[in-house]
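Here the structure comes first, spelled out in structure tokens, and everything after it is commentary.
The values are calculated or read from the model by the stated rules, or taken from the named source; none is laboratory data. Computed from a predicted structure; not experimentally measured. Cβ placement follows ideal geometry from the backbone for every residue including glycine, while neighbour counts extend to all protein chains displayed. For the accessible areas, the whole protein counts, side chains as well, though only heavy atoms, and no ligand, DNA or RNA atoms are used. Shrake-Rupley method; radii C 1.70, N 1.55, O 1.52, S 1.80 Å.
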Amino acid sequence: SLVIFSGLYFIRSIVNPVRELSETAKKIAQGDFNTKIEKIHDDEIGDLCDSINDMATELGAAERLKNDFISRVSHELRTPLTAIKGWAETMQYGVPDRITLEKGMSVIVSESSRLTGIVEELLDFSKLQSGRLTMQKQKIDILAEVDEAVYMFKERAFSEGKHLLYDEPEIMPPVYGDRNRLKQVFINVLDNALKYTPEGGMVGVQVYQDFKEDMIKIIVADNGCGIAK
């Protein structure tokens, strides 16, 4: 009886927990970082349970960081590439006037330089890993940035059979902000608006000064499928 009791105790206290640890470790190895082991005893097996649970938590955090990194990189690179492609298409589909040609070439050169800067930032992985984002703020002409972003998508809208409407105001007060980051926002929003607007649809851009709230508001509206609440 004592032998049987000792055998059952060994199975319950050692074999079963170790088997559970093994199964959980397999799940973690397969990418299930939310799995946890219930700690029953404050012994060596219990300490091992804590260690594996902590490991799963750390691996889950690393996985989320990796996914966030990939998402950020794709957005960072897409902005200058979209600008370069847009202006290249504008000049490809017709011989632009001198002013438009100079403006387009200037954008292509500046966005190429910005693309180089982004790649250099990516090489310094420690900055991205810690989530630091350097803002280069200065007084800027917000209308110039919006106009440049809209103009970039005009040829694409025309080729896709969509209407891109923008009634540019005459003047707006200067804005204190990061020119590159703001342009990135305008390009991403316009890119998505056109992407999800059907042929024959309309994308409208409006800029106005809200004196009541002391703000400059920029609205991009389309009649596409919309975004879920």
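For segment 56-116, what does the accessible surface come to per residue with a 1.4 Å probe? Please give it in Å².
Details: 3670 Å² over 61 residues.
Heavy-atom accessible area per residue stands at 60 Å².
Coordinate range of the alpha-carbon atoms in segment 70-229 per principal axis, descending: 45, 44, 38 Å. Less than 5 angstrom separates the built amide H of GLY201 from those of HIS163, all sequence-distant by 5 or more or on a different chain.
Ranked from the most accessible area to the least, with a 1.4 Å probe and all protein chains present, what is the order of HIS75, HIS163?
Values: HIS75 75, HIS163 100 Å².
Final ranking, largest accessible area leading: HIS163, HIS75.
Among 134-142, 108-116, the peptide with the highest mean count of other Cβ atoms within 10 Å heads the list, and the full ranking is 108-116, 134-142.
Solvent-accessible surface of segment 132-229, averaged per residue with a 1.4 angstrom probe and all protein chains in place: 64 square angstrom.
Residue ranges 50-62, 186-198 sort as 186-198, 50-62 when ordered by packing (mean number of other C-beta atoms within 10 Å per residue, highest first). Compactness of segment 151-229, taken as the C-alpha radius of gyration over 2.2 N^0.38 Å, stands at 1.19.
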